[in-house]
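Note sheet for the following structure.
The values are calculated or read from the model by the stated rules, or taken from the named source; none is laboratory data. For clarity, every value in this text was computed on a predicted model and none was experimentally measured. Note that we place each Cβ from the backbone using ideal geometry, even for glycine, and neighbour counts take in every protein chain shown.
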Amino acid sequence: MEETSNVASFWKVQYEEAYRLIGLQRFFEADQICLQLLREPRLPLLYRAGCNRLFGMGSDNPVDCAEEAVRLYQFMITKFLEEAKQILKDAKQRVAEADNAASSDDSDGEQRECQTIEPESNPVAESDNEPTLQTEFAEEESQQKRVAEDKS
């Protein structure tokens, strides 16, 4: 478990360094880091998409790389949406079964309240050491503003 955590931390640090280098317009160095990351078969999809997005910001073949980033992000969104829909369906079924059992049993079952997690405090993303899409988009937006300011 600790090894996985160390590896995930390494990926995060490497990705953040590549992102920083893109902001400094040191594209070759950023590309080298991303290539190294992409050679890792266990690299999560979010980092794979992020590396392709960074390639799209500075590589010699930006359109293909940006298209691959979009494809990976769309795949992730579709996958997570399908899983969430299945969880919702299962939850509704469990609630209906519990309601049926409660109405025939008249027992007083305790219910848990759902907790809403704000995107910037998502404990899953933080514990997995993966950047969230919201964080990446905010960083990209501020990076684009800095690049625009540097050009003017």
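Given the conditions (1) surrounded by 13 or more Cβ atoms within 10 Å (Cβ to Cβ); (2) of a type outside the set (Asp, Glu); (3) under 17 Å from residue 65 (Cβ atoms); (4) out of contact with any Lys or Arg (no Cβ under 7 Å at 6 or more places or on another chain), report the number of the one that residue 38 does not fulfil.
Exception for residue 38: condition (4).
Can you find a residue in the stretch 109-118 that is surrounded by 10 or more Cβ atoms within 10 Å (Cβ to Cβ), modelled with pLDDT under 90 and not polar (S, T, N, Q)? Steps first, please.
Applying the first criterion (surrounded by 10 or more Cβ atoms within 10 Å (Cβ to Cβ)) to the stretch 109-118 yields 117.
Narrowing the set further to residues that are modelled with pLDDT under 90 leaves 117.
Checking which are not polar (S, T, N, Q) leaves us with 117.
Yes, some residue in the stretch 109-118 is surrounded by 10 or more Cβ atoms within 10 Å (Cβ to Cβ), modelled with pLDDT under 90 and not polar (S, T, N, Q).
Can you tell me how many residues in the stretch 17-35 are over 19 Å from residue 67 (Cβ atoms), free of Cβ contacts under 8 Å to residues at least 24 places away in the same chain and of a type outside the set (A, V, I, L, M)?
6
List pairs: first in the stretch 81-92 and in contact (Cβ under 8 Å) with a residue 40 or more places away in the chain, second surrounded by 10 or more Cβ atoms within 10 Å (Cβ to Cβ) and among the polar types (S, T, N, Q), Cβ under 9 Å, 6+ apart or cross-chain?
none
It is to be established whether one or more residues within the stretch 17-31 are over 16 Å from residue 72 (Cα atoms) and hydroxyl-bearing (Ser, Thr, Tyr).
Yes, that holds for at least one residue.
Do we have any residue at all in the stretch 69-77 that's within 14 Å of residue 34 (Cα to Cα) and not charged (D, E, K, R)?
yes
Looking at the stretch 40-63, which of the residues that are part of a loop (DSSP other than H, G, I, E, B) and within 21 Å of residue 77 (Cβ to Cβ) is nearest to the chain's Cα centre (by Cα)?
44
Any residue in the stretch 58-74 that's under 21 Å from residue 21 (Cα atoms): show its pairings with residues that are of a type in the set (Lys, Arg) at Cβ separation under 7 Å, as long as the two are six or more apart or on different chains.
From the stretch 58-74, the pairs are 66/53; 69/53.
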